[in-house]
Amino acid sequence: MFKLITLEGKIEIPPFLFSQEKDISARIILSEDYEGIITREYGFIIAVVDVLSVSQGQIIPSNANTFHEVEFTILTFKPTVSEIVEGNIVEIVDFGAFIRLGPLDGLVHVSQVCNDYITYEQVGNRFIGKETGKILEVNDTVRAKVIAVSLGGGRSGKLGLSMRSPFLGKEEWIEEDIEEHYEAKKKQGKEEPKE
């Protein structure tokens, strides 16, 4: 889930940025410190969106930098278990498919692709369902459910995804599930006696 979060912190502005406006200098420093970082609390920090305030600088003897308190807004992506996400297949390997979900990639293990026995076709670099004939290839747009989230510190994080539930997977798989759902509803309605 994407969120805008307002934070407060302290920064050091070095002398080579003194010619800039304080908020521009603060944005440069904050971008270097925060963008692209993954934290347990906020998830993946995509960007510093806005610098809301920068305090008057303090000078400390024997240090050329000025020290400022800042308030700023960041844009984050923090997936949660059971969240439904959509993305593109960017890589297929024998053990699963990697889906690009904006700033992070998630893994759909081969056992979580669909409710069918899946084989990996190395020549075509794709997965094929044995009974259903469902095909999953690079660049396919898919919908998946987050089943595991492991956000470490720094720049590492792992997402486990599944497409086994109804109404997940490629668009044509979802359309088939919808048709089957409505057909089942029609049959259920016909079987029940009307009063």
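Does Gly133 qualify as being at positive phi and without any contact (Cβ under 8 Å) to a residue 24 or more places away in the chain? Judged against the criteria, Gly133 is a match. Here the strands (runs of 3 or more DSSP E) wholly within region 114-195 that include at least 1 residues being over 24 Å from Ile84 (Cβ atoms) and at pLDDT 90 or above are 118-121, 126-129.
In region 88-105, the residues that are buried (at least 18 other Cβ atoms within 10 Å of the Cβ) reach residues that are among the β-branched types (Val, Ile, Thr) and not in a strand (DSSP E or B) with C-beta atoms within less than 6 angstrom, at least six apart or across chains, in these pairs: Ile89/Val138; Ile92/Val138; Gly96/Val110.
Okay, residues lined up against (1) part of a strand (DSSP E or B); (2) acidic (Asp, Glu); (3) touching a residue at least 24 places away in the same chain (Cβ under 8 Å); (4) surrounded by 15 or more Cβ atoms within 10 Å (Cβ to Cβ):
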site: Leu7; (1), (2), (3), (4): yes, no, yes, yes
site: Phe16; (1), (2), (3), (4): no, no, no, no
site: Ser19; (1), (2), (3), (4): no, no, no, no
site: Arg27; (1), (2), (3), (4): no, no, yes, yes
site: Ile46; (1), (2), (3), (4): yes, no, yes, yes
site: Ser53; (1), (2), (3), (4): yes, no, no, no
site: Val70; (1), (2), (3), (4): yes, no, yes, yes
site: Ile74; (1), (2), (3), (4): yes, no, yes, yes
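The values are calculated or read from the model by the stated rules, or taken from the named source; none is laboratory data. Since we're looking at a predicted model, the values are computed, not measured. Backbone-built Cβ (ideal geometry, glycine too); neighbour counts: all protein chains shown.
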